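Please read the structure below before turning to the comments.
The values are calculated or read from the model by the stated rules, or taken from the named source; none is laboratory data. Remember, it's a predicted structure, so these values are computed and weren't measured experimentally. Quick reminder, even Gly has a Cβ in these numbers, built from the backbone with ideal geometry, and neighbours come from all protein chains shown. Surface accessibility is based on the protein's heavy atoms, side chains included, excluding ligands, DNA and RNA. Shrake-Rupley method; radii C 1.70, N 1.55, O 1.52, S 1.80 Å.
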Amino acid sequence: MAPVKKGILERLNAGEIVIGDGGFVFALEKRGYVKAGPWTPEATVTHPEAVRQLHREFLRAGANVMQTFTFYASDDKLENRGNNLRLTGQQINEAACDLAREVANEGDALVAGGVSQTPAYLSCKSESEVKAIFKKQMDVFIKKNVDFLIAEYYEHVEEAEWAVQVLKTSGKPVAASLCIGPEGDLNGVSPGDCAVRLVKAGAQIVGINCHFDPMTCVKTVKLMKEGVERAGLKAHYMVQPLAFHTPDCGCQGFIDLPEFPFALEPRILTRWDMHKYAREAYNAGIHFIGGCCGYEAYHIRAIAEELAPERGFLPLASEKHGMWGSGLEMHTKPWVRARSRRDYWEKINPASGRPSCPSMSKPEGWGVTKGHADLIQHKEATSEQEIKHLLELQKKAKASV
């Protein structure tokens with residue numbers, strides 16, 4: 001009989017470091033299993049072998065949380081703007097739970113069931129209607145007995161509060177993660193106030209995921225932590241940022257960048273950047289450290305390697321990776337062997353190889369958020385007339401920049 005694993009709160013209460021996995025949506029889009037645009041996770045049913053393999057890669061890299069691939073798996077998202085999958089949210093969510101559990105059982109990993117923001121909220125549906133969507137997903141997670149729940153990727157703290165309130169009824173530990181930066185949510189609620197509201201709603205773990213680079217996300221979690229402590233409350237903290245540099249982003253994050261989503265590769269962080277991020281997060285008192293869009297297994301391995309002294313072990317994937325490039329001592333070329341040291345890689349300032357490109361972009365910054373007519377969602381495919389309207393708005397936004 002398999003030994004009983006320590007739960008998420010038991011680990012965090014003991015001061016352990018929990019390493020999350022990476023960004024399934026972007027990783028599987030690049031592999032040909034997710035469609036950019038809807039970003040829905042039907043691959044759990046149509047290509048389970050691809051989802052299973054990615055879970056395994058993150059587990060081997062050092063992750064000890066397997067998040068169910070249930071991002072945007074609510075029924076309203078699955079049928080949004082002509083997305084006709086002929087699959088239900090229940091089918092996708094159940095398959096995701098089974099895959100995550102199968103791989104988690106191959107190591108000391110926990111399974112986290114996740115719910116994310118909904119088209120219904122952006123379309124100004126009522127609180128009861130939005131909560132019903134969250135409950136439908138949660139019911140699957142309860143049935144499949146996931147270890148804890150995450151409400152992640154919320155631009156508005158109000159919707160995240162609703163999600164937490166629903167998830168708390170499960171009796172399982174709840175984490176809540178917003179996709180905001182230091183300026184706060186899209187209604188201008190500060191990170192500190194957002195965190196306080198989430199803790200009061202019932203979240204035991206709060207933090208940030210997606211939309212911004214690691215250092216920006218760590219900075220935002222620090223602001224959340226300050227707000228929680230100022231309010232006399234207690235929480236654990238998590239961070240799962242982008243693997244892209246975003247120094248030029250506004251409050252909407254990387255989706256405002258003209259490169260989003262198909263030309264972001266020049267912004268990818270190196271494994272050495274990940275070492276710096278992991279140390280910065282840990283020093284800030286964040287003990288649930290992972291990644292979101294852009295993360296591959298080698299990024300997670302870098303986090304696990306940086307924090308190996310605190311964790312007491314290296315991940316399995318380090319069998320094929322000499323610490324700080326030491327494996328290069330085996331290279332045939334002498335000038336490459338000379339790079340087999342920490343001092344070299346810590347100081348590297350990588351070139352992009354793109355002499356005609358700028359170092360930063362100008363975000364479009366449309367300023368569109370909940371309640372705006374252009375954010376009202378519908379089942380029908382986007383019409384040609386709608387595209388013409390959007391092109392006019394795009395022209396105006398670029399002119400204003």
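Quick notes on this one:
- Selection status of Asn80, touching a His at 6+ places or on another chain (Cβ under 9 Å), at negative phi and open to solvent by 10 Å² or more (accessible area, probe 1.4 Å): yes
- Residue-level analysis places Ser318 among those that are touching a residue at least 12 places away in the same chain (Cβ under 8 Å), open to solvent by less than 100 Å² (accessible area, probe 1.4 Å), small (Gly, Ala, Ser) and within 23 Å of Ile303 (Cα to Cα).
- Qualifying residue in segment 186-199 (condition: surrounded by fewer than 20 Cβ atoms within 10 Å (Cβ to Cβ), touching a helix residue (DSSP H, G or I) at 6+ places or on another chain (Cβ under 9 Å) and acidic (Asp, Glu)): yes
- Just so you know, in segment 327-350 the residues that are β-branched (Val, Ile, Thr) and open to solvent by less than 90 Å² (accessible area, probe 1.4 Å) include one that is nearest to His275 (Cα to Cα), and it is Ile348.
- Residue in segment 369-386 that is within 30 Å of Thr118 (Cα to Cα), open to solvent by less than 90 Å² (accessible area, probe 1.4 Å), part of a loop (DSSP other than H, G, I, E, B) and of a type in the set (D, E, K, R) present: yes
- Residues satisfying the stated conditions in segment 14-48, i.e. open to solvent by 20 Å² or more (accessible area, probe 1.4 Å), over 20 Å from Cys210 (Cβ atoms) and touching a residue at least 60 places away in the same chain (Cβ under 8 Å): Gly15, Glu16
- The test for being in a helix (DSSP H, G or I) and among the hydrophobic types (A, V, I, L, M, F, W, C) holds for Leu328.
- Flag for Arg339 being part of a loop (DSSP other than H, G, I, E, B) and in contact with a helix residue (DSSP H, G or I) (Cβ under 8 Å, 6 or more places away or on another chain): yes
- Scope segment 48-68; condition hydrophobic (A, V, I, L, M, F, W, C) and either modelled with pLDDT under 95 or assigned to a helix (DSSP H, G or I) (or both); matching residues: Ala50, Val51, Leu54, Phe58, Leu59, Ala61
- Of the residues contained in segment 284-296, none is found to be open to solvent by less than 50 Å² (accessible area, probe 1.4 Å), over 22 Å from Ala175 (Cα atoms) and hydrophobic (A, V, I, L, M, F, W, C).
- Some residue of segment 231-239 being open to solvent by less than 10 Å² (accessible area, probe 1.4 Å), assigned to a strand (DSSP E or B) and not aromatic (Phe, Trp, Tyr): yes
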